[in-house]
Amino acid sequence: PVVLGIESTCDETAAAVVRGRTLLSNVVASSMDEHARYGGVIPEIASRAHAEAFVPVVSKALSDANMELDDVDAIAVSAGPGLAGCLAVGVSGAKALAWASGKPIYGINHVIGHIAVTQLQFGPFPKDTLALIVSGGHTSLLHVADVARHVDVVGTTLDDAAGECFDKVARLLGFPYPGGPHIDRHARLGNPDAINVPQGLTKGKSGKEHPYDFSFSGVKTAVARWVEAERAAGRPVPVDDVCASLASSVAGVLADKAMHACEQYGSKTLIVGGGFTANSQLRSELIMSGRRHDVEVRIPELRLCTDNGAMVAMLGVNLVEAGVRPSSLDFAIDSAMPMDVISV
Ligand code: ATP
Ligand code: MG
Ligand code: FE
C-alpha cells in the first residue's frame with residue numbers, strides 16, 4: 001500500500017509518502033529557529049507555523065513522490081501525543097484531504113511511529129520484539145507483539161525524559177534550545193569519568209525494584225548542584241567533562257536496562273527510536289552492548305530519528321496491511337495519548 005503521512009505534534013510540519021517499506025518522499029519544515037530565543041517551543045508560534053507550512057509541505061511530499069492525492073491508498077496523521085494546537089492543525093488538514101478525496105484516514109500515535117520508522121531501513125519487525133523509545137517527551141521500553149495491533153509498556157520514566165534532562169542541563173550551561181545536540185558535541189571532547197553522575201533509578205522509592213523504569217530528574221539535579229558549587233567556588237566549569245559525564249551516565253543506564261529487558265523477554269532484536277537516539281553517545285553505547293549481549297540493535301539514520309512524516313506513513317502502511325479499521329472522520333486529538341494506543 002501507498003500511504004501519505006502527516007506530522008505536526010510539536011515544531012516540525014512534515015509529510016512523506018511510503019510505499020510498502022520504500023520511502024518515496026520526505027519533507028520537513030521546522031519552526032525551531034523561531035523558538036530558540038524563548039528557550040523552548042512556544043505553542044502559539046508553532047501552531048501558526050503549521051498552518052502556514054501545511055499545504056506547501058504536503059504538496060511537495062506528493063510531487064517529490066510523483067503522485068497526486070488520488071494515487072495514495074490512505075492518509076495517516078499523528079493524533080497525539082503532542083501540543084494540542086499543533087495537533088489540531090495537522091489533523092484538521094489531514095481530515096480535509098481525506099474528506100475531499102474519499103481516502104481512508106488513520107489517526108496514529110506519534111511515539112509508535114518513532115518505532116515503526118525503522119522498518120524503512122531494516123525491514124519488517126520480528127514477531128515479539130523489544131523497543132526503546134527515547135525522545136524529548138518520552139523514555140520507555142515497549143514490548144511490541146504486533147506494531148499494528150498490540151504494544152505494551154515494559155518500563156517508563158517516572159519523571160523527566162532523557163531529552164528533557166539534556167535540554168535542562170544545556171540551559172544551565174548556557175546553550176540555546178534545543179540543547180541536546182550541544183551536549184552531544186561537547187561530550188565528544190570531554191572525559192566521561194571526570195564527574196560522578198548518578199545512574200538514574202536503580203531502586204524504587206519503597207525500596208522495591210523497578211527493573212525497567214527510568215528516572216532522570218535526579219541526574220539533572222546532581223549535575224546542576226555540581227556546576228553551581230564549582231561556580232560558587234569561583235572555579236571555571238569544565239563544560240566538556242560535564243557533558244561527557246552526563247552523556248555517559250544517561251547512555252549507560254538506557255543501554256543496560258534495554259539489554260536486561262531483551263534478555264528477560266528473550267528478544268534478539270532491540271528497535272530504537274525517538275529524537276534523542278540521534279545522540280552519538282547513546283548510539284555507540286547501544287551498539288557495543290548489543291554486541292556483548294548478542295542483540296541486533298536497529299537504530300535509524302539521523303534524519304529518521306527526529307520528527308518526520310515517514311514515521312507516520314510507515315505506521316499507516318502497517319495498519320493498512322494488518323486490515324485495521326480506519327479512524328472515523330470525527331476522531332479527536334489526544335495530547336496525552338497513552339503509549340499502548342496505536343491508532344484511534
Ligand atoms: P516526543 O516524540 O516524545 O513527542 P519530541 O517529538 O519533541 O518528543 P523528538 O523531536 O523526538 O522529541 O526529540 C527531540 C529531543 O531530542 C530534544 O530533547 C533534543 O534535545 C534531543 N536531541 C536531538 N538530537 C540530540 C543529540 N544529538 N543528543 C542529545 N539529544 C538530542
Ligand atoms: Mg522537534
Ligand atoms: Fe517525536
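Please treat every number below as a calculation from the coordinates, not as lab data. Note that the coordinates shown come from a computational prediction; the quantities given were computed from them, not determined experimentally. Here Cβ is always computed from backbone atoms with ideal geometry, including for glycine, and neighbour counts include all displayed protein chains.
Report the relative contact order of the chain, percent, no decimals, based on alpha-carbon pairs under 8 angstrom and at least 6 residues apart.
Dividing the mean separation by the residue count of the chain yields 26 percent.
For the range 25-171, rounded, prolate or oblate, judged on the Cα gyration tensor with a ≥ b ≥ c (square roots of eigenvalues), a/c < 1.5 rounded, else prolate if a/b > b/c?
Oblate, because a/c is 1.5 or more while a/b does not exceed b/c.
Quick one: of the DSSP bridges fully inside the range 40-184, what percent are antiparallel, nearest 5?
So the antiparallel bridges amount to about 70 percent of the total.
Kindly work out what percent of the DSSP beta bridges joining two residues of the chain are antiparallel, to the nearest 5.
60 percent
Which three semi-axes in whole Å describe the equivalent ellipsoid of the chain, each the square root of 5 times a Cα gyration tensor eigenvalue, listed largest first?
So the three semi-axes of the chain are 35, 23, 16 Å.
Suppose only helical runs count, i.e. DSSP H with n ≥ 4. What mean residue ellipticity at 222 nm does that imply for the chain under -39500 (n - 2.57) per run, divided by all residues and rounded to the nearest 500 deg cm²/dmol?
-13500 deg cm²/dmol
Compute the angle between helix 310-322 and the longest alpha-carbon principal axis of the chain, please, reported from 0 to 90 degrees and rounded to the nearest 10.
Compared with the principal axis, the helix lies near 60 degrees.
Do any of 168/268; 60/103; 168/257; 220/257; 60/95 go past 27 Å between their Cα atoms, and which?
Beyond 27 Å between Cα atoms: 168/268.
Suppose each label sits 7 Å from its Cα in the direction of the beta carbon; what would the residue 194-residue 225 distance come out to in nanometres?
2.1 nm
With label points built 7 Å along Cα→Cβ from the Cα atoms of residue 45 and residue 264, find their separation and express it in nm.
Distance between label points: 4.1 nm.
Convex hull volume of the Cα atoms in the range 247-343, per residue, in Å³?
Spread over its residues, the Cα hull of the range 247-343 gives 134 Å³ apiece.
Pop a pseudo-label 7 angstrom from the Cα along the beta-carbon direction at both residue 66 and residue 92 and give the gap in nm to one decimal.
Distance between label points: 3.6 nm.
For residue 172 and residue 291, what does the FRET efficiency come to when R0 = 35 Å and r is the distance between their Cβ atoms, rounded to the nearest 0.05?
Efficiency for this residue pair is about 0.55.
What number, in percent, do you get for the relative contact order of the range 144-294 if the mean sequence gap of Cα pairs under 8 Å and at least 6 apart is divided by its residue count?
In percent, rounded to a whole number, it is 27.
For the range 99-183, what does the relative contact order come out to in percent, with C-alpha contacts under 8 Å and a separation of six or more?
Over the range 99-183, the number comes to 18 percent.
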